[in-house]
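The values are calculated or read from the model by the stated rules, or taken from the named source; none is laboratory data. What you see is a predicted model; the values in this text were computed from it and never measured. Ideal geometry is used to build each Cβ from the backbone, glycine not excepted, and the neighbour counts take in all protein chains shown. Areas reflect the complete protein model, heavy atoms only, side chains present, ligands, DNA and RNA absent. Shrake-Rupley method; radii C 1.70, N 1.55, O 1.52, S 1.80 Å.
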Amino acid sequence: MGMTEQTVKGKRIAMVSNNAWSVYNFRLDVIRSLIAEGHRVVVISPEDEYVSLLEQEGCRFITVKFDNRSVDPVADFQFYLRLKQVYRSEQPDIIFHFVAKPNIYGSLAAKALRIPSVAVVTGLGYAFARKNWLYYFVRSLYKIALKGAGEVWFLNNEDARVFSKEGIVEITKIKVLPGEGVNTSFFQPFATANGGRPLSTRFRFLMACRLLRSKGVGVYAEACRILKRKGFQFDAVLIGFFEAHHPDSITSEELDKWQAEGLLRYLGFSKDVRSMLAEADCFVFPSYYHEGVPRCLMEAASMELPVITTRNRGCREVVVEGVTGLLCQTGDPFDLADKMEMMLSMPQASLVEMGKKGRDLVVGKFDVSRVVAEYKGVIAQLGS
């Protein structure tokens, strides 16, 4: 009987993205909360090793193959037809689309079948990096597709401003979320014997990200070179995964060279970064990518780690300069080195205080409970 009541109450919710990893990594708290309320969640994306983890959480999974970065009109039209077929078969009450191609072709497919949908623009990404033919092509597709979306969500005001100013979407549909949110109970400082960060012999910087040039990995390496030539003693650690076929990816040869020079240590990809964050003294993220609100910065600050990031959109949203961290210029290893030197020279008590204020900021502004409330609100409003 209880199960029948749940089924009657629960909505069928679809989430469409470019991989299962991003759905699991960025939206797991949302999914858990929706399933706990009796909703049924189906994830639609290309397959990867995170599919089984989503299924363990109670999601159904449907494989749809596509490449979010390719420009192939025939493949894109096939992707649109495939989504339309899945939506017709699944009959979801509401669909959440993430990243460019699901936002475009998924919104079109949902509109054709009169299914309510929300487009979540998680960052402007590669197509908006420069105003070339790709930019104008993607902009025109977005403009047509987003007419069919019930709401269009952004993770920072600047991305929303671009879409509004360029006439891509009417302002009445726009909602700006506090990033994707972070679980501040999961990402909290580790208890240590001295009541603070573990005392290590050398100051440790940590950078954790996808290994893309525009995330500032090369800038980080060069800043480390500048500081080491000035005689500073510190550890610089890098973790993250390669996207071998991404046009913006750094090469394994570059990484090997930086390690051979003793500039940094690459420790591979970590599924749970908390232990790495707990061992660091400062988090570095010199990104000039078109970010939404970077999850890595929210996680680091949530664990009371002072951060250095750029004045880039999305990044500066997570920092109160001089209070919770420091901001540097984009693409400038000398300015990053200056900020890293300031952190190295700071008394331990000041670093601890900066970290505590960073966590206060994240708890107040970016806690995932606020994002969960937005999902539940739009499901109640549109998914009837």
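Starting from the Cα of Ser252, move 7 Å in the Cα-to-Cβ direction to define the label point; list residues of the stretch 263-299 whose amide nitrogen is under 18 Å from there.
Only 265-270 fall inside the zone, counting backbone N under 18 Å.
Based on alpha-carbon atoms only, what is the radius of gyration of the chain relative to the globular estimate 2.2 N^0.38 Å? Walk me through the numbers before you get to the answer.
Working: Rg = 21.5 Å, N = 384, 2.2 N^0.38 = 21.1 Å.
This ratio for the chain stands at 1.02.
Which value results when the Cα radius of gyration for the stretch 200-272 is divided by 2.2 N^0.38 Å?
1.09
Contour minus end-to-end for Thr201 and Glu353, with contour as 0.36 nm per residue of separation and end-to-end as the Cα-Cα distance? Provide the component values of the computation, followed by the final result.
Numbers: separation 152, 0.36 × 152 = 54.72 nm, distance 2.03 nm.
That pair, Thr201 and Glu353, stretches by 52.7 nm at full extension.
Over the stretch 334-384, what percent of the accessible surface lies on carbon and sulfur atoms, probe 1.4 Å? Show your work: numbers first, answer last.
Working: 1360 of 2420 Å².
About 56 percent, which is the carbon plus sulfur part of the accessible surface.
Looking at the chain, which longest stretch skips every one of the trypsin sites (Lys or Arg not before Pro) that is in a DSSP loop with at most 12 other Cβ atoms within 10 Å, leaving the sites themselves out?
272-384
Ignoring ligands, DNA and RNA, please state the percent of accessible area on the stretch 172-278 from carbon and sulfur, probe 1.4 Å.
That share works out to 54 percent.
Per residue, how large is the accessible surface of the chain? Use a 1.4 angstrom probe and give square angstrom.
44 Å²
Counting only other residues whose beta carbon sits under 15 Å from that of Arg88, what net charge do I get with K and R as +1, D and E as -1?
+3
Between Lys143 and Glu321, what is 0.36 nm times their sequence separation minus the Cα-Cα distance? Round to one decimal in nm.
60.5 nm
Where does each of Glu254, Glu321 land when they are ordered by accessible area, with a 1.4 Å probe and the largest first?
Order by accessible area, largest first: Glu321, Glu254.
Putting +1 on Lys and Arg Cβ atoms and -1 on Asp and Glu Cβ atoms, find which of Leu263, Val273, Ala244 reaches farthest to the positive end of the dipole of the stretch 240-300.
My answer, from the dipole projection, is Val273.
Dipole magnitude of the chain about its Cα centre, charges +1 at Lys/Arg Cβ and -1 at Asp/Glu Cβ only, in debye to the nearest 20?
860 debye
Can you give me the distance in nm between label points at Gln233 and Arg88, each placed 7 Å from the Cα along the Cα-to-Cβ direction?
With each label placed 7 Å out from Cα toward Cβ, I get 7.0 nm.
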